[in-house]
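The values are calculated or read from the model by the stated rules, or taken from the named source; none is laboratory data. Owing to the predicted nature of the structure, the values given are computational and were not obtained by experimental measurement. Don't worry about glycine lacking a Cβ; one is built from the backbone with ideal geometry, like all the others, and counts go over all protein chains shown. Calculation scope for accessible area: heavy atoms of the full protein, side chains included, ligands and nucleic acids excluded. Shrake-Rupley method; radii C 1.70, N 1.55, O 1.52, S 1.80 Å.
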Amino acid sequence: MQQALKVAADILARQHTPSIPLELLELKAELNKKYPNTVTVAQLISHNPELLANFLNLANTNLTQEKNPIQDAKVAVNLLGLQEIYNLFLSSVLSHILAENDYERSILLHGAKAGLAAAELSYWVFDVSRTEAYIAGLMQNVGAIYLYRQHPDSYPDMFAGELSNPVSGYQKELERYQTSHVHIGGLLGKKWQINPLIYKALLFHHDLDFGLKTIGNSQIKHLTALTILSNYVVSVCEDEHFITQELKDYRDSAKQILELPDNAYSSAMAAVTKWGNSSGLVSASH
């Protein structure tokens with residue numbers, strides 16, 4: 001683990017990693033106050049028109065379950081909890097600043113679709129919110145963007161293999177590069193001040209033994225299981241990924257943890273089908 005993290009840190013040191021936008025830092029500071037000012041929160045979200053547009057696009061997917069479209073930041077703040085507001089804004093910012101080309105955008109879009117599925121599945125999970133589940137799905141493969149930039153010729157085939165063989169494919173990645181998108185993503189999660197429960201959960205999302213390794217923290221365990229199940233849902237929804245026995249075993253390792261009803265999976269598939277290709281879900285950075 002330590003060697004893989006060292007290699008991951010070296011990769012990130014050689015590449016540009018975007019800093020957290022000032023609006024996000026100021027939003028976090030405001031929300032950390034004993035009595036956050038909701039007017040200030042709405043103003044911070046509205047300060048950058050591009051970030052506001054991305055935030056509203058995301059808010060009007062299945063994440064908030066509001067019947068009427070949310071038209072502006074003030075309405076969002078009045079309708080949603082402040083922690084949900086922060087998670088939504090964080091997700092919309094990361095979706096905007098990370099991808100530099102179509103391939104990187106495809107990596108993020110897969111994560112965004114998984115996030116939509118995880119958010120829907122979280123309805124049946126008592127200790128994970130919809131936006132926490134979404135961030136976990138979105139962030140799970142962010143490290144793949146940086147491995148791709150380091151190894152542009154070999155990494156796309158490696159990553160594609162992991163979508164249908166998430167356990168053996170991950171081991172091949174670790175052996176070939178001496179690190180993985182999981183380790184890079186964990187370091188990025190710390191840099192971007194993401195909830196530690198989320199990026200710790202993502203360290204286990206290619207591990208069939210995650211249930212035993214997270215036995216001391218149910219939130220990490222449940223976030224990991226939601227991420228695994230959401231990946232399976234996305235694979236079922238997309239024809240290009242062959243459903244292998246390994247992918248089914250991967251799914252089953254999470255199903256036995258959460259024991260969700262059948263209609264949870266049909267709801268998650270419906271969410272991916274409806275919102276998965278929404279304009280603005282993921283945008284290229286400039």
**OP:** Compute the signed sum of charges (Lys and Arg +1, Asp and Glu -1) over the other residues within less than 14 Å, Cβ to Cβ, of Ala268.
**Re:** +2
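With an 8 Å cut-off on Cα pairs and a minimum separation of 6 or more residues, tell me the relative contact order of segment 46-195 in percent. Intermediate results must be reported in sequence, preceding the final value.
Numbers: 141 pairs, mean separation 27.2, N = 150.
Across segment 46-195, relative contact order equals 18 percent.
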Subject >> Glu246 versus Gln178: modelled label distance in nm, points set 7 Å from Cα along the beta carbon direction >> reply: 2.4
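What is the chain's relative contact order, in percent, from Cα pairs under 8 angstrom and six or more apart in sequence? Mind dumping the intermediate values first?
Details: 406 pairs, mean separation 71.1, N = 286.
Relative contact order, the chain: 25 percent.
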Original post:
Distance from the Cα centre of segment 185-259 to that of segment 1-65, in angstrom?
Top reply: 22
Original post:
Taking 0.36 nm per intervening residue step and subtracting the Cα-Cα distance, what contour gain separates Gln256 from Gln15 on full extension?
Top reply: 82.8 nm
Original post:
What percent does the relative contact order of segment 36-88 come to when contacts are Cα pairs within less than 8 Å and at least six residues apart?
Top reply: 38
Original post:
Which order do peptides 134-143, 15-24 fall in by mean Cβ count within 10 Å, highest first?
Top reply: 134-143, 15-24
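In the structure displayed, which of Lys221/Lys255; Lys67/Lys274; Lys113/Lys274; Lys6/Lys191; Lys200/Lys274; Lys6/Lys213 lie more than 18 Å apart, Cα to Cα? Don't skip to the end; give the middle numbers.
Values: Lys221/Lys255 12 Å; Lys67/Lys274 15 Å; Lys113/Lys274 10 Å; Lys6/Lys191 15 Å; Lys200/Lys274 30 Å; Lys6/Lys213 22 Å.
Where the Cα-Cα span goes over 18 Å, the pairs concerned are Lys200/Lys274; Lys6/Lys213.
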Subject >> For the chain, diffusion coefficient by Stokes-Einstein and Kirkwood Rh (Cα), 20 °C, 1.002 mPa s, µm²/s >> reply: 113
Subject >> Accessible surface of Asp72 - all protein chains present, 1.4 Å probe, nearest 10 Å² >> reply: 60
**OP:** Using label points projected 7 Å from each Cα along Cα→Cβ, tell me how many nm separate Asn101 and Leu22, to one decimal.
**Re:** 3.2
Subject >> Cα-derived Rg to Rh of segment 134-190, Kirkwood definition >> reply: 0.94
Original post:
Taking a ≥ b ≥ c as the square roots of the eigenvalues of the Cα gyration tensor of segment 61-170, is the shape rounded (a/c under 1.5), prolate (a/b larger than b/c) or oblate?
Top reply: prolate
Original post:
How far apart, in nm, are the 7 Å Cα→Cβ label points at Gln171 and Lys34?
Top reply: 5.5
**OP:** For segment 136-286, just say rounded, prolate or oblate: build the C-alpha gyration tensor, square-root its eigenvalues into a ≥ b ≥ c, call rounded for a/c under 1.5, and beyond that prolate if a/b exceeds b/c, oblate if not.
**Re:** rounded
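Can you give the FRET efficiency to the nearest 0.05 for Trp124 and Ala53, using r as the Cβ-Cβ distance and R₀ = 30 Å?
Values: r = 32 Å, r/R0 = 1.05.
That pair, Trp124 with Ala53, gives E of 0.40.
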